[in-house]
Amino acid sequence: MPLTNTAIRNAKPSNKPIRLFDERGLYLEVSPTGGKWWRLKFRFEGKEKRLSLGVYPDVPLKDARDRRDAALKLLADGIVPSENRKAQKLARADSAANSFEVVAREWLSSPIGTGCGSTGSSTSRNQERMCSAIRSCGNSEGSNPEYSRKQVVARCFFGQFRRDRHLTT
């Protein structure tokens, strides 16, 4: 018999974790401290695995069932949901690490980006000016239609952003 919202609300913690099963591998685990976690139990290549789907009440019963269905669809396609989640997390971290601002700061801190006769303080100032100019164009990708990313970088490197009132901070 599937779980109901009333049964979930009335679930009380005990000395050991309690598992209240719904259907198709979904269950609510009630810890001794009172926390309630949605989990999905599944098998992949003969091994039993578990996937956390969220914390109750942040994730209500209907959303937990939707997440279960999405995970089971991935399984049907031959993709392990937990490994898929890890890959997506790494991809997000990688894209954040390769944003335009991060790459520009890294390049400017390298010996090639600092230039021959520049001092450390002026280089830091120039880095901050460039990054603030890029931010003022909308986001780190330069989403303001008036200025393209190349225009912003050119203005920063050639000192034109000081004369441009739109880009000054």
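Derivation of every value follows stated rules applied to the coordinates shown; laboratory data play no part. Nothing here was measured: the structure is a model prediction, and the numbers come from that model. Note: ideal-geometry Cβ built from the backbone for every residue, glycine included; neighbour counts use all protein chains shown.
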Residue (of Pro17, Trp38, Tyr27) at the positive-pole extreme of segment 5-95, dipole from beta-carbon charges: Pro17
So, R0 is 22 Å and r is the distance between the beta-carbons of Lys41 and Gln88; what FRET efficiency does that work out to, to 0.05? 0.55
P(r) of segment 1-104 over all Cα-Cα pairs, binned every 10 Å from zero, in whole percent: 14, 38, 27, 15, 6, 1
Net charge (Lys, Arg +1; Asp, Glu -1) of residues whose beta-carbon lies under 14 Å from that of Ala70, Ala70 excluded, is +3
Given Lys16/Lys41; Lys47/Lys73; Lys12/Lys86; Lys36/Lys73; Lys16/Lys49, the pairs whose alpha carbons are separated by over 29 Å: Lys12/Lys86
